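Shown next, in structure tokens, is the structure this report addresses.
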Amino acid sequence: MKKKKTPYLVCADEKGQIFEEPELLMLSRQGNGLVLPGPDDLIPLPPSSDLFLLPGRKAVGLDPATGKIQLVDALAVAGFASPGHTLSGTAAYMTEPDAPVLPLYAYGAVGFLDDRFWITARLVDQDQRQVFSHIPQSDITRNAHELLKKYPENRLIRHLAGCALNSCCPAARNLVLGRFEAPLPTSRSCNARCVGCISFQPDDSGIKATQKRISFTPESEELIQVMKIHCARAKKPVLSFGQGCEGEPLTQAELICEAISRVRNSIPQATININTNASLPESVSKLARSGLNSVRVSLNSTDPDLYHSYYRPVNYSFDQVKGFIQEARDHKLFVSLNLLYFPGITDTESQIGSITDFIQDLKIDFIQMRNLNLDPDIYLALVRDKDLGPQTGLGNFMKRIKKECPWTGFGYFNPYLGG
Ligand code: SF4
């Protein structure tokens, strides 16, 4: 549904009361620039999305009469789009000197028009695996407790049932509901130091990790039991190593290979995937031999400098990431990129050129268009000195990649590859 009119600015008072400012139009941030969002950049705020008040940040809008940008003495408001949506713009605001660092979320620009909120985002995946609005919480609670009662010795089930009950983790919820993609965390350590790591933040980062890292290393028996439980219940089972509540799964490659190889023959229908920073190419052949058939490689950029400044790798470099993907190709694994998209940076000419070359060289199968969850000012500071060239916008970014790499698919989640 295309909307020609630009929605009005949305802001909030100190009590948290959100209101529209009908004299001003909403603006969207593209990198360091402020723009009026185009019709293709806006969608109605999807169900299960959130609105955030941005402490220490003043709202800015555009006066349609003068064409001037105006600062408003009110709090800025942003939208966190529900899973399956990629942001085409970030919230527009003026950060005050003593503003606190924003938590690890993605902050979309929001406006109000025709009795509804609008957000700068685009639906990139119709998959329903993270939609729970039609499922009563009582179903999740009952199922979680049934698993705990049936498998009291399995620490991994205790961990994941706890995540489903206490932190509403969508992957853990899907395990207890026996549908779609189940999580298999294994690792307590990581060989990267991502600026926006959700499971570990150094004390001096000023950023709070949003996920508690797993506190034990599961036995292969515990992993195998979870894999069998899920494959016995889910129609299209996806089993994924590498979750938000752990470090880098490749540091546990031996354990993962042992678990997969011991169960693979009894679950031929399953897609067995690893979400990884792809730092250890030497682990690919044994993973492939064990029966893994899908890899998802996380990166914010295919520009080594930008990659290193965000991932801050320890004892590996972007060359290893490329080496890992080449190995995965050679072993005929399905390769997805978990692209941490940032409006006004990822869609610049230099980045599109670099990503297109990368996809063509390594024949990437699929791009998961994720939002980079980080205080925008922190990410923009990382790229401040780089001349990235003109921005093209999310729509053009996807069109350009698809034109140059027609075999590559776009989405948001790990696809089920079939039995
Ligand atoms: S690769 Fe994952 S676990 Fe490691 S630092 Fe980055 S986000 Fe954290």
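The values are calculated or read from the model by the stated rules, or taken from the named source; none is laboratory data. Fair warning: this is a prediction, and the values are worked out from it, not measured in the lab. Note that we place each Cβ from the backbone using ideal geometry, even for glycine, and neighbour counts take in every protein chain shown. When the accessible area is computed, the model is the full protein with side chains, heavy atoms only, and any ligands, DNA or RNA have been set aside. Shrake-Rupley method; radii C 1.70, N 1.55, O 1.52, S 1.80 Å.
Report the full-extension gain for the segment Glu14 to Thr66: residue separation times 0.36 nm, less the Cα-Cα distance, to one decimal in nm.
15.9 nm
Please give the per residue accessible area of region 137-411, computed with a probe of 1.4 Å over protein heavy atoms only, in Å².
Per residue, region 137-411 has 40 Å² of solvent-accessible surface.
Applying a 10 Å radius around every beta-carbon, put 99-107, 268-276, 334-342 in order of their mean neighbour count, most first.
Taking the mean over residues of other Cβ atoms within 10 Å, the ranking is 334-342, 268-276, 99-107.
Show me, for region 362-367, the HN-Hα J-couplings you get by feeding each phi into the Karplus relation (A = 6.51, B = -1.76, C = 1.60, θ = phi - 60°), rounded to Hz, glycine and proline as x.
Taking θ as phi minus 60°, the curve returns 10, 6, 5, 7, 8, 10 Hz for region 362-367.
Do any cysteines of the chain lack a neighbour Cys whose Cβ is under 4.7 Å away, and which are they?
Isolated Cys, the chain: Cys11, Cys168, Cys190, Cys231, Cys245, Cys257, Cys405.
Could you work out how far the C-alpha centroid of region 372-419 sits from that of region 267-333, in angstrom?
Region 372-419 and region 267-333 have Cα centres spaced 18 Å from each other.
Using the Cα gyration tensor of region 8-123, with a ≥ b ≥ c the square roots of its eigenvalues, what is the shape: rounded (a/c below 1.5), prolate (a/b larger than b/c) or oblate (neither)?
Since a/c stays below 1.5, the shape of region 8-123 is classed as rounded.
In degrees, nearest 10, range 0 to 90: what is the angle between the Cα axis of helix 394-404 and the longest Cα principal axis of the chain?
The angle comes out at about 50 degrees.
Check cross-link reach from Lys235 to the lysines: straight Cα distance under 16 Å, and skip same-chain residues fewer than eight apart.
none
Please state the relative contact order of the chain as a whole percent: Cα pairs under 8 Å, 6+ residues apart?
Relative CO of the chain lands at 14 percent.
Enumerate the residues in region 209-226 having an amide nitrogen under 17 Å from the point lying 7 Å beyond the Cα of Arg155 toward its Cβ.
Those under the cut-off are 212-226.
Under a GNM of the chain (C-alpha, springs under 10 Å), which listed residue has the highest mean-square fluctuation: Ile198, Ile378, Ile135?
Ile135
List, in order, the whole-Hz ³J(HN,Hα) value for each residue of region 341-356 obtained from phi through the Karplus relation with A = 6.51, B = -1.76, C = 1.60 and θ = phi - 60°; use x for Gly and Pro.
7, 10, x, x, 10, 5, 8, 7, 3, 4, 5, 4, x, 5, 5, 4
Once a ≥ b ≥ c are taken as the square roots of the eigenvalues of the Cα gyration tensor of region 362-410, is the result rounded (a/c under 1.5), prolate (a/b larger than b/c) or oblate (a/b not larger than b/c)?
The shape class here is prolate.
Just need the relative contact order of region 128-247 here, percent rounded to a whole number, with Cα pairs under 8 Å and 6+ apart.
After rounding, I find 29 percent.
What FRET efficiency do you get for Lys5 and Val131 if R0 is 45 Å and r is their Cβ-Cβ distance, rounded to the nearest 0.05?
Once the sixth-power term is evaluated, E becomes 0.95.
Taking every DSSP beta bridge with both residues inside the chain, roughly what % is antiparallel (nearest 5)?
Here the share of antiparallel DSSP bridges comes out near 60 percent.
State, to one decimal in nm², a quarter of the convex hull surface area for the C-alpha atoms of the chain, i.e. the direction-averaged projected area.
20.5
Got a number for carbon plus sulfur as a percent of the chain's accessible area, 1.4 Å probe?
51
In degrees between 0 and 90, to the nearest 10, how far off the longest principal axis of the chain does helix 253-263 point, with axes built from Cα atoms?
Tilt of helix 253-263: around 60 degrees.
Based on the mean of other beta carbon atoms within 10 Å per residue, what is the order of 84-91, 224-231, most packed first?
For the peptides 84-91, 224-231, the packing ranking is 84-91, 224-231.
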